[in-house]
Structure formats: C-alpha cells, structure tokens
1. Over the chain, what is the percentage of antiparallel beta bridges among all DSSP beta bridges, to the nearest 5?
2. Rounding to the nearest 20 debye, state how big the charge dipole of the chain is about its Cα centre with +1 on each Lys and Arg Cβ and -1 on each Asp and Glu Cβ.
3. For H94, tell me the accessible area in Å² from a 1.4 Å probe, rounded to the nearest 10.
4. If ligands, DNA and RNA are left out, what is the accessible area of T205 with a 1.4 Å probe, given in Å² to the nearest 10?
5. Give the accessible surface of the chain per residue, rounded to a whole number of Å², with probe radius 1.4 Å and ligands, DNA and RNA excluded.
6. Express in Å², to the nearest 10, the accessible area of M68 obtained by rolling a 1.4 Å probe over the protein heavy atoms while all chains stay in place.
7. If you put +1 on each Lys and Arg Cβ and -1 on each Asp and Glu Cβ, how big is the dipole of region 82-123 around its Cα centre, in Debye rounded to 20?
8. So what are the radius of gyration and Dmax for the Cα set of region 132-239, in Å?
Amino acid sequence: MGEPRRLVLKMSGEALASSASDETIDAAVVERIAGEIAVALGELPLQLAVMIGGGNIWRGTTGAGAGMDRATSDTMGMLGTVINALALQDALEHKNQPTRVCTAVHMAEVAEPYIRRRTIRHLEKGRVVIFAAGMGNPYFTTDTSAALRAAEIEAELLLKGTHGGVDGVYSADPRLDASATRYDEISFMDIVSRDLRVMDLTAVTFCKDNNLPILVFDVMAPGNLHRALAGEQIGTLVR
Ligand code: UDP
C-alpha cells in the first residue's frame, strides 16, 4: 500500500440543515455523512480533515446587512461552525471513527486549539480532524479557511461538497439555463474570468496560487462522498 492520500473536505453548514423540517441540524444527514466518511476511512488509505461551515446557523453578512458590526457578526458565524463540528464529531464517534475537533478560536474546555503539527499527527494516527471556527479571522469564509488549512497540512486535494442540487461546475446556472453543461475539468482561470460561483473567489485564487486542486461534487446524493473520497471521477475537477 502506498502513502495515504491526505484530503480536506469542505462541508457547508447548510448541507447539515434539514430541508424537510425546520431543524438547524438534521441528525439523519449528519449520520449519513459520518457513515460515508467512516466506511471510506476503514477501506482506503486516506487521511481526512473536514472544514465545517456555519451557514445553517449564522452568516456574518446577514448581521452586517442589518447594521451589526461586521467583525462581531462574523465571530457569531465562527461560533456557529463549532456547534456543527461537535454534531459531526458525535456522529463520527458513534461510527467508531476517532475524531478531533480543532478550533481556530481558543475554547479549551470544548475542543483543542488548532496547531498545525498536532493536526498532522492526528491524521497520521487515523483520526478525522474537524476544523472549527474557520481560520479565526472575521471577513473570511470557511471556503477560504478550508483552502488555507489544506495548503498548510499539504493536502493533495480540496473536496468541495455542494448541496444545492448542482453536481459540479457548469457553463451557466443549470437551475436557470437548461442548456448549461457540466465540465469534467476546468482551470482556476476560467472559474475566475467567467465568474463561475462554485466557491468564494478568495478561496479559488488561493488554491490557484498554491496549486491546490479542488473537486466540486454533490455531497447530498447518497454515496457521492464515498465516491469522492475513493478518487472516483465525479463532479468537476478544478486545477
Ligand atoms: N467566518 C469568519 N471567518 C472564518 C470562517 C467563517 O468570519 O474564517 C464566519 C463568516 O461570518 C461566515 C460564517 O462564519 O459567514 C459561517 O461560515 P460560512 O459562511 O463559510 O459557512 P457555509 O456557507 O460553508 O455554511
């Protein structure tokens, strides 16, 4: 068996919310995601870190739009990601998958602080690392935080799971334009120059500058996360 592949998965908070009910966190979705991760790690030589978003709880721009101080509002968003991280940790550990939550904002009673070398050690020991509180700075998103952490820990690929029913990068919004076609592969430059909204632009340009490829795929379709982790050709590869 060769060297394990080291991957970072960006899961948006909204993917954890329930569309059917009013739940902020849908336990069934979290359980399915955790199950796919646990099975993949049991089968494959993989090291996995997950950057969890918080859009199901709070978005910094929502408060700022209503007149709140942006930095305060963003801090609320970062704290929201910690709630999601604990839910995912709980679900993973119910599947007997050892997990550590590493926060970019100190809260030592709840989870350990993010320390790069420690994260790498956890991964080498087969633990799933869940990054919470983004990168700890307001004005950023968890997309950009995922890209930053992926570069720091020298991950080979950033997996960006989408949840809006769009299973990759399209020439136009497939929900609005029936003639839109999906790319199997596209360059960073094309994403930027055509303003294709797959991740925030800061994240895309960071990945470009650091040669970090992104796989955009639909994380809501059961089995897809397992396929992405297994390196199957799904979604769109951005590089
Ligand atoms: N956030 C932040 N700095 C970070 C990461 C996140 O300020 O490094 C805040 C920001 O307000 C954001 C919120 O946390 O709106 C939730 O994260 P995000 O919107 O990326 O979550 P997702 O859309 O992936 O669910």
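1. Values: 4 of 33 bridges.
DSSP beta bridges in the chain are roughly 10 percent antiparallel.
2. On the way: 23 positive and 30 negative charges, 119 e Å.
Charge dipole of the chain: 580 debye, to the nearest 20.
3. My reading of the accessible area for H94 is about 140 Å².
4. Estimated to the nearest 10 Å², T205 gives 50 Å².
5. Working: 11170 Å² over 239 residues.
On a per-residue basis, 47 Å².
6. 70 Å²
7. On the way: 6 positive and 4 negative charges, 67 e Å.
Roughly 320 debye for region 82-123.
8. For region 132-239, the Cα radius of gyration and maximum Cα-Cα distance read 13.6, 41 Å.
The values are calculated or read from the model by the stated rules, or taken from the named source; none is laboratory data. The structure displayed is predicted, hence computed values, not measured ones. We place every Cβ from the backbone using ideal geometry, glycine too, and count neighbours over all the protein chains shown. These accessible areas exclude ligands, DNA and RNA; they are computed on the full protein's heavy atoms, side chains included. Shrake-Rupley method; radii C 1.70, N 1.55, O 1.52, S 1.80 Å.
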